[in-house]
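Quick notes on the structure that follows.
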Amino acid sequence: MQFTDTSERGFQKFITKYLVAEHHYVETAPNEFDREFCINTSQVLAFIEATQPDAYEMIQKKGERPFLVRLDEKIKELGVVEVLRKGVKHLDKTIDLFYRKPSSNYNTKDAARYAANVFSVTQELVYSSDANNKNRLDLTVFVNGIPVMTCELKNPLSGQYVQNGIRQYQNDRDPKDKIFSFARCMVHLAADTEQVF
């Protein structure tokens, strides 16, 4: 008989495995997250390099840090949805950070761009810029290295319910941490095996 992990961590691993196997997500390590800029820097830059080599070359010549500062400022000012929709103007170039699905498969150029998007998931993300704060998010979903969703998971089989996840966001998460800033992520979810809020 095969052992079934009924813990919260087992639930988290199950979801991650499903996203990777069925939806071609990439699993990234928590230490790839840049707490200062609240992104997976290497993934953002890899996406730009793969899809916009001229922009990537300009970023390398002018320095990565000024671009990352600009991206951070724009997400803070406009929100993550607007930045993903319209990109970021940096120096003389508009840098795309996401490509929408084309309305037709006949547009092969746009289909190839859409296919270049990288969806990723990170388990146990330590997110705070305060080195003493070791709080972790169970799952964080990224698009091209930019976080769009966080999730606190609970498993009733281990005595934890979705309400415990809601209370965790309300009481144990500091809204001053960048990842919880308004419009920094699209959504923060509390979920158990039966309900999602």
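Overview of results
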item: Helix axis angle, 64-78 relative to the chain longest principal axis, alpha carbon, degrees; result: 70
item: Phi to ³J(HN,Hα) by Karplus 6.51 cos²θ - 1.76 cosθ + 1.60 over the range 117-122, Hz, x for Gly, Pro; result: 4, 10, 9, 9, 9, 10
item: Heavy-atom accessible surface of the range 152-191: percent carbon and sulfur, 1.4 Å; result: 55
item: Net charge contributed by nearby residues that have their C-beta within less than 10 Å of L84 (K/R +1, D/E -1); result: +1
item: Accessible carbon and sulfur surface of the range 14-119 relative to its total accessible area, %, 1.4 Å; result: 51
item: Extension gain, T108 back to A21 (0.36 nm per residue minus Cα-Cα distance, nm); result: 28.8 nm
item: Candidates T108, T94, T41, ranked by Gaussian network fluctuation over the chain, Cα under 10 Å, top entry; result: T108
item: Average accessible area per residue (Å²) across the chain - probe 1.4 Å, nucleic acids and ligands excluded; result: 57
item: Pairwise label distance in nanometres, D172 with R65, each label 7 Å out on the Cα-Cβ vector; result: 3.5
item: For the range 99-159 versus the range 1-51, the gap between their alpha-carbon centres in whole angstrom; result: 7
item: Entries of K61/K101; K17/K134; K61/K178; K86/K176; K74/K101; K13/K154 with Cα pairs more than 20 Å apart; result: K61/K101; K17/K134; K61/K178; K86/K176; K74/K101
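The values are calculated or read from the model by the stated rules, or taken from the named source; none is laboratory data. Since the model is a prediction, treat every value here as computed from it, not as a measurement. Every residue, glycine among them, receives a Cβ derived from its backbone with ideal geometry; neighbour counts consider all protein chains shown. With ligands, DNA and RNA removed, areas are computed over all heavy atoms of the protein, side chains included. Shrake-Rupley method; radii C 1.70, N 1.55, O 1.52, S 1.80 Å.
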